[in-house]
Amino acid sequence: MPELPEVEVTRRSFADRIQGARIERVCMGKPLRWPLGVPPEALAGHLIRGVRRRGKYLLMDLDEGLLLLHLGMSGRLQFAADLPPPGTHDHMDMQTDHGVLRLHDPRRFGAVVWAADEAREPARKLLAGLGAEPLDEGFDPAAFHAALKRRRAPIKQVLLAGDVVVGVGNIYASEALFMAGIRPTVRADRLSRARSDRLHAAVQAVLGRAVERGGTTLRDFANAMGETGHFQLDVAVYGRAGQPCVVCATPIRLLRQGQRSSFYCPVCQRA
């Protein structure tokens, strides 16, 4: 699933090129996770002011209203001056005077949704429960620790939930917990301020590095220019069960938490 780094990398790969473009037409394919909310032809003629990100949503600001784009489980965006005819898994083509933006989504869990503004439905419902942005200056260590103190679930599951901090998907949660020396099964409310601060810094470092490396490409992720990511080459624990820890050489272990795989070093992450 594309997580925060992949969505941010996607945004950066086309946001500057599509800014200022005028929409000429929008064609929707098979139904996606949620309906567009307006007739596609109603978007023609509108100007694209810019593209922002909130969590794993891309927010395309128009001169009237905005579009929320979500990549779902396997979606990706393409943006080019000219694209071949849409295929079976291409579910949105937005023709602009700067090029074509296409959503390719084999599993159709993605979405393209129009809203009048962020304070109105459906944008309000989709965005209201999101936690802090880990790469923003407003991601405060004290507030992060206070939020963890209110959660009794294992720290790995709290990171994945997205209501304390957004975008820390399975790969990045495993890597951040390793960097912070915290076992994924530790209850969130039992982390001291010092350990919480280490995790706070690790989340920022891991996600920042993932963005620098173009995201993670395990199967088919590519940005809007077709470029794949390389963070998978930097992982210390994720997907390395049985292999030696990069720090102490102890074999990395695998456990299941809430139907998700967690990877950790039993020595470097004692508790």
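The values are calculated or read from the model by the stated rules, or taken from the named source; none is laboratory data. The structure displayed is predicted, hence computed values, not measured ones. Glycine also receives a Cβ, built like all others from the backbone with ideal geometry; neighbour counts cover every protein chain displayed. Surface accessibility is based on the protein's heavy atoms, side chains included, excluding ligands, DNA and RNA. Shrake-Rupley method; radii C 1.70, N 1.55, O 1.52, S 1.80 Å.
Put the Cα centre of region 102-149 next to the Cα centre of region 194-271 and the gap is 22 Å.
Using the Kirkwood radius over C-alpha pairs as Rh, can you work out the diffusion coefficient of the chain via Stokes-Einstein at 20 °C, viscosity 1.002 mPa s, in µm² per second? Before the final figure, lay out the partial values.
Working: Rh = 19.6 Å.
In µm²/s, the coefficient rounds to 110.
Counting only lysines at least 8 places from Lys56 when in the same chain, those with an alpha carbon closer than 20 Å to its own are Lys125, Lys156. With only the Cα atoms considered, region 26-87 has a convex hull volume of 121 Å³ per residue.
Can you tell me the accessible area per residue over region 33-160, all protein chains present, probe 1.4 angstrom, in square angstrom? Numbers along the way, then the final one.
Values: 5910 Å² over 128 residues.
Per residue, region 33-160 has 46 Å² of solvent-accessible surface.
Top mean-square fluctuation among Thr228, Thr250, Thr216, Gaussian network model of the chain, C-alpha springs under 10 Å? Looking only at Thr228, Thr250, Thr216, the biggest GNM fluctuation is shown by Thr250. With the helix formula -39500 (n - 2.57) applied to DSSP H stretches of n ≥ 4, the chain reaches a computed 222 nm mean residue ellipticity of -7500 deg cm²/dmol.
Measure off, as a whole percent, the carbon and sulfur share of the 1.4 Å-probe accessible area of the chain, all protein chains present.
Numbers: 6150 of 12410 Å².
C and S atoms contribute 50 percent here.
Would you tally the net charge around Arg124, using a Cβ to Cβ cut-off of less than 10 Å, leaving Arg124 out, and scoring K and R as +1, D and E as -1? Walk me through the numbers on the way to the answer.
Numbers: positive: Arg120, Lys125; negative: Asp117, Glu118, Glu121.
Here the charged neighbours net out to -1.
Rounded to whole Å and ordered largest first, report the semi-axes of the equivalent ellipsoid of region 120-217 derived from its Cα gyration tensor (root of 5λ). Kindly include the intermediate steps, with their values, before the conclusion.
Details: eigenvalues 82, 63, 31 Å².
Listed largest to smallest, the semi-axes of region 120-217 are 20, 18, 12 Å.
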